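Chemist: Pasting a structure below so you can have a look.
The values are calculated or read from the model by the stated rules, or taken from the named source; none is laboratory data. These numbers come from a predicted model, not from an experiment. Glycine gets a Cβ as well: all are built from the backbone with ideal geometry, and neighbour counts include every protein chain shown.
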Amino acid sequence: MIRTTKFLAIVKHEYKKVVLKWSFLIGTLMLPLLAGVFTVIPLIIFSLKGEPTRITVVDRSGRSSHGCKGIFRLTA
């Protein structure tokens, strides 16, 4: 019984020593905030409407242009 009481007193002391540090408290509060920011910012960026991105494929040999005609809309 005495060993258990001493053990629990040590566990309680170490728990308070770690949990009551400012760095632990700030980190615990900042993690959900940062997770929310990293979730919301991409949603805002991808919800903005803009012009479609144009991609130009330059193939001077002319060998692969036939395969692209069915996939991409080719413009002159």
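Chemist: If I ask for residues that are assigned to a loop (DSSP other than H, G, I, E, B) and not aliphatic (A, V, I, L, M), which ones from the stretch 1-52 would you list?
Modeler: Residues of the stretch 1-52 assigned to a loop (DSSP other than H, G, I, E, B): 1, 20-21, 48-52.
Correct list: 21, 49, 50, 51, 52.
Chemist: How many residues does the stretch 39-56 hold that are at pLDDT below 80 and surrounded by 10 or more Cβ atoms within 10 Å (Cβ to Cβ)?
Modeler: First, the residues of the stretch 39-56 that are at pLDDT below 80: 49-56.
Filter once more, so that each one left must be surrounded by 10 or more Cβ atoms within 10 Å (Cβ to Cβ): none.
Residues flagged as at pLDDT below 80 and surrounded by 10 or more Cβ atoms within 10 Å (Cβ to Cβ) within the stretch 39-56 amount to 0.
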